[in-house]
Amino acid sequence: MPSKLDALNRWVDEVAARTRPDRVHWCDGSEAESRALTELMLKSGDLLELNQHTHPGCYLHRSDPRDVARVEKVTLICTKNEIDAGPNNHWMAPAEAHKKIDALFDGCMRGRTMYVIPYCMGPLGSPYARCGVEITDSPYVVANMRIMTRMGTAALERIEREGRFVRGQHSIGTLDPAQRWIMHFPEELTIKSYGSGYGGNALLGKKCHALRIASFQARSEGWLAEHMLIVGIENPRGEIHYIAAAFPSACGKTNLAMLIPPEGYRRDGWKVWTVGDDICWITPGKDGRLYAINPEAGYFGVAPGTSNKTNPNAVKMLDHDAIFTNVAVTADNDPWWEGLDDRKPVRDWQGRDYDPANGPAAHPNSRFTVRATQCPSWSPEAENPEGVPISAIVFGGRRKSLVPLVFEARDWTHGVLVGAGLASETTAAATDVGVNIRRDPMAMKPFCGYNFGDYFAHWLSFDRPNARLPKIFHVNWFRKGQDGKFLWPGFGDNLRVLEWMLKRVNGECGAVETPIGLLPHAEDLNTDGLHLADGALNTLLALEAEGWRAELQAIGEYLDGYGDRLPQDLRDELKNERTALEDVNESSLPQKKAATL
Ligand code: OXD
Ligand code: MN
């Protein structure tokens, strides 16, 4: 009888015939396999042991210095029609793309082992989870996939039951940046990645599958694959509301997902539960609410800036069984990065004696990979096959001026416009972006597997009869005063803003209606115990009409780039917002009072 694994076996044989590995190893995900791989990588120098007294089970990996981040220029969406990939993606015709990358794959695994990694994105028993198989010649990728996904025999069994999986073919190749491609063929549920060992380019379950391919699948199947954290906020009454939040890479999703409530909140009984820190798959439930699962099983977080002040939960989860990539080390052979503490590193991320003249000791995009369950605030609901109900969706970026601390969208369509207009200062998570502020709709600019115009229409389609949709908010933790200092303390204190959102969700407070959305009344935002600079709150909650007119114009120009694919409802929404802002009586708006801020 033909088995549902026949297609998988045939594909593995085909890849092996092309790449010519010395051996093929099917990963079972066992402890013994993991120990053997670690030994192998310690021998080859792929992994270096860190201090096993302070950090048992922790290892350091140093990348090729030319391979330390995602590279958007060589990340392609290869749909049959270019317009389906959209102006938001780099595109190549599928036949040309296959030809180009297959030529690189030819014989590239000679002398190497080819690993076959069956994996499941999402809880193994969840109807919303999806499986894939990654073929790779990198044991470092196997070790990371083991942490980041449900990988091995159980995933293979699900694939055998379903007969359906995303095909991911990866080789580190020669690591020559001139021969690097990360290609997606969404219509074939296929990924081919060559020439990079870096996380987002090489751990194919993550950005390639769980965002680019999944977003494409989600469109035709009626769900959403989003670049969002998922966090549960438990109030003193014991009620938990789940919030999904989209911020561009390296803008604090991991910190928000794991935040520790400020002292007074802790005393009153507030708790925070981490469901996910990067990716969220959202499906409408029978009751009309949206339900979310975290397809990942681990965190691949940015190390620099992570400290006991900014994210104590992350620091705790990183003292055992973690892989560190491109961090520095101290004299005690502990992992170290800028912002961690006052110790001095002795070796930088390239293994050189630390010399400040060479730049930061840890690469700005250095990372940790760790099991989700190691996080002290990990929520057992992350394993709930049905997902968690979402009460609020939050969009946010890094904006040093103009954008208020928080505002609420009027309704779903306005919320989609707020997400579509999202912009942020660029960060170190991608090397080749090179502009200061860029539009990053829903924080999905590098990750949407199809035309953003169609994606916005898909988002709008969730507003249907009987839907009980979450409220949508926009936040900006990064507003600065004229002295260049942040106006809002951020980190744990961001719970104050989430509390305001939940009050809005529960109908427990009003808000100031303005053309850009609903802003908090200052008295509804709990600032007890905060020492904000004079006038800071006022600036954080003000609407600067002139600046917003220019912002909306810029959003309009950006969205026009999607031409006919841009939904008319979004155009109308923007037009109405712009008219309202033209017509508004400025003195009725929340004003920025202190001239110094
Ligand atoms: C990530 C990214 O690695 O967004 O999560 O770059
Ligand atoms: Mn991310």
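The values are calculated or read from the model by the stated rules, or taken from the named source; none is laboratory data. Computed from a prediction, not measured in an experiment: that's the story for all the values here. Cβ placement follows ideal geometry from the backbone for every residue including glycine, while neighbour counts extend to all protein chains displayed. Please note that ligands, DNA and RNA were not included when accessible areas were found on the heavy atoms of the full protein model with its side chains. Shrake-Rupley method; radii C 1.70, N 1.55, O 1.52, S 1.80 Å.
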Original post:
Do you know which residues across region 250-304 are in a loop (DSSP other than H, G, I, E, B), within 16 Å of ligand 1 (Cβ to nearest atom) and β-branched (V, I, T)?
Top reply: I279
Subject >> Filtered residue count, region 114-130, keeping only those that are free of Cβ contacts under 8 Å to residues at least 40 places away in the same chain and surrounded by fewer than 24 Cβ atoms within 10 Å (Cβ to Cβ) >> reply: 1
**OP:** Select from region 270-300 the residues that are within 15 Å of ligand 2 (Cβ to nearest atom) and surrounded by fewer than 24 Cβ atoms within 10 Å (Cβ to Cβ) and list them in ascending order.
**Re:** F300
Original post:
In the list K99, K43, K73, which residue meets the criterion of being under 19 Å from I172 (Cα atoms), within 16 Å of ligand 1 (Cβ to nearest atom) and open to solvent by 30 Å² or more (accessible area, probe 1.4 Å)?
Top reply: K73
**OP:** Tell me which residues, restricted to region 358-377, are of a type outside the set (S, T, N, Q) and buried (at least 20 other Cβ atoms within 10 Å of the Cβ).
**Re:** A361, A362, H363, P364, R367, F368, V370, A372, C375
Original post:
Among (1) modelled with pLDDT of 95 or more; (2) surrounded by 15 or more Cβ atoms within 10 Å (Cβ to Cβ), which single condition is Q553 missing?
Top reply: (2)
Original post:
What residue, among those in region 309-321 that are touching a Leu at 6+ places or on another chain (Cβ under 9 Å) and surrounded by fewer than 24 Cβ atoms within 10 Å (Cβ to Cβ), is nearest to R62 (Cα to Cα)?
Top reply: V315
Original post:
Among the numbered criteria (1) surrounded by 22 or more Cβ atoms within 10 Å (Cβ to Cβ); (2) away from ligand 1 (no atom under 16 Å from the Cβ); (3) more than 18 Å from K73 (Cα to Cα), which single criterion is violated by D483?
Top reply: (1)
**OP:** Report whether or not R10 is without any contact (Cβ under 8 Å) to a residue 40 or more places away in the chain, open to solvent by 30 Å² or more (accessible area, probe 1.4 Å) and basic (K, R).
**Re:** yes
Subject >> Residue among L417, L402, L422 that alone is surrounded by fewer than 22 Cβ atoms within 10 Å (Cβ to Cβ), of a type in the set (A, V, I, L, M) and touching a helix residue (DSSP H, G or I) at 6+ places or on another chain (Cβ under 7 Å) >> reply: L402
Subject >> Condition check for V403: more than 20 Å from the chain's Cα centre (by Cα), in contact (Cβ under 8 Å) with a residue 40 or more places away in the chain and either outside any strand (DSSP E or B) or in the same structural domain as K575 (by TED's automatic domain parsing) (or both) >> reply: yes
Original post:
If V497 satisfies every condition in (1) open to solvent by less than 50 Å² (accessible area, probe 1.4 Å); (2) assigned to a strand (DSSP E or B) but one, which is the exception?
Top reply: (2)
Original post:
Could you list, in sequence order, the residues of region 144-153 that are within 26 Å of the chain's Cα centre (by Cα) and open to solvent by 50 Å² or more (accessible area, probe 1.4 Å)?
Top reply: R146
Original post:
What residue, of S377, S391, is of a type in the set (S, T, Y), touching a helix residue (DSSP H, G or I) at 6+ places or on another chain (Cβ under 7 Å) and within 23 Å of L460 (Cβ to Cβ)?
Top reply: S391
**OP:** Would you point out the residue of region 220-243, among those that are charged (D, E, K, R) and surrounded by fewer than 21 Cβ atoms within 10 Å (Cβ to Cβ), that is nearest to ligand 2 (Cβ to nearest atom)?
**Re:** E221
Original post:
Going through region 455-480 one residue at a time, which ones are among the basic types (K, R) and either more than 23 Å from the chain's Cα centre (by Cα) or open to solvent by less than 10 Å² (accessible area, probe 1.4 Å) (or both)?
Top reply: R464, R468, R479, K480
**OP:** Determine which member of the set V68, V141 is at pLDDT below 95 and not in a strand (DSSP E or B).
**Re:** V68
